[in-house]
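Student: Let me give you the structure first, and then I'll get to my questions.
The values are calculated or read from the model by the stated rules, or taken from the named source; none is laboratory data. Source: prediction; values computed, not measured. Cβ placement follows ideal geometry from the backbone for every residue including glycine, while neighbour counts extend to all protein chains displayed.
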Amino acid sequence: MRLVKLNRSHLKFSFGILAAATLLSGLSSCQQVQNAQIIRHEMNPPWEGVIGYSQVAEVNGTVYLSGVACSGESYAKAIPDCYRQLKVQLDKLNLTPANIVKETVFTKDIEGLKEQIPARKDFYGNANYPAATWIQISRLYLPEHLVEVDVIAVRTK
């Protein structure tokens, strides 16, 4: 067996080939995005027109649901209410909690949210949990909001 010692020109050539392959791969990804079908579902929450956003946008079967914000005298009331509202939106889109792949929860009190884990688990049927991120913040859009749940779902065949 013969070993070949690579010099700088060989390394530059190899790096160039690798860079070209990466660039071409990226360009093919860009082409797919250009052909993306974007649907903005009209859910008609009162804030859509006032603030200027879509409650639900869908790109090639991936559904982005803007945050469902909930108020209440306690987290014990707010958390189940958020998931009930989310279920209504999913039903309108012919989706279920099992279609959710990512959940982001913004809360003013992470400990209050953690106390309601059973209500959240019940929403997901105690199985098929999505990737999730929980973030404590100082306030939401309206001062009385305690929590907001934002999800991404994927249509399956």
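Student: Looking at (1) under 20 Å from residue 40 (Cα atoms); (2) basic (Lys, Arg); (3) assigned to a helix (DSSP H, G or I), which is the one condition that is false for residue 84?
Tutor: Residue 84 satisfies all of (1) under 20 Å from residue 40 (Cα atoms); (2) basic (Lys, Arg); (3) assigned to a helix (DSSP H, G or I) except (1).
Student: Further, regarding this structure: Mind checking which residues of region 100-150 are touching a helix residue (DSSP H, G or I) at 6+ places or on another chain (Cβ under 7 Å), under 15 Å from residue 86 (Cα atoms) and in contact (Cβ under 8 Å) with a residue 40 or more places away in the chain?
Tutor: 105, 119, 120, 123, 147, 149
Matching residues to (1) assigned to a helix (DSSP H, G or I); (2) closer than 30 Å to residue 35 by Cβ; (3) modelled with pLDDT under 95; (4) touching a strand residue (DSSP E or B) at 6+ places or on another chain (Cβ under 7 Å):
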{"position": "67", "(1), (2), (3), (4)": "no, yes, yes, yes"}
{"position": "76", "(1), (2), (3), (4)": "yes, no, no, no"}
{"position": "79", "(1), (2), (3), (4)": "yes, no, no, yes"}
{"position": "101", "(1), (2), (3), (4)": "no, yes, no, yes"}
{"position": "113", "(1), (2), (3), (4)": "yes, no, no, yes"}
{"position": "120", "(1), (2), (3), (4)": "yes, no, no, no"}
{"position": "134", "(1), (2), (3), (4)": "no, no, no, yes"}
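Student: Taking residue 156 as the residue in question, decide whether it is under 25 Å from residue 40 (Cα atoms), among the polar types (S, T, N, Q) and either out of contact with any Asp or Glu (no Cβ under 6 Å at 6 or more places or on another chain) or at pLDDT below 95 (or both).
Tutor: Considered against the rule, which asks whether it is under 25 Å from residue 40 (Cα atoms), among the polar types (S, T, N, Q) and either out of contact with any Asp or Glu (no Cβ under 6 Å at 6 or more places or on another chain) or at pLDDT below 95 (or both), residue 156 comes out as yes.
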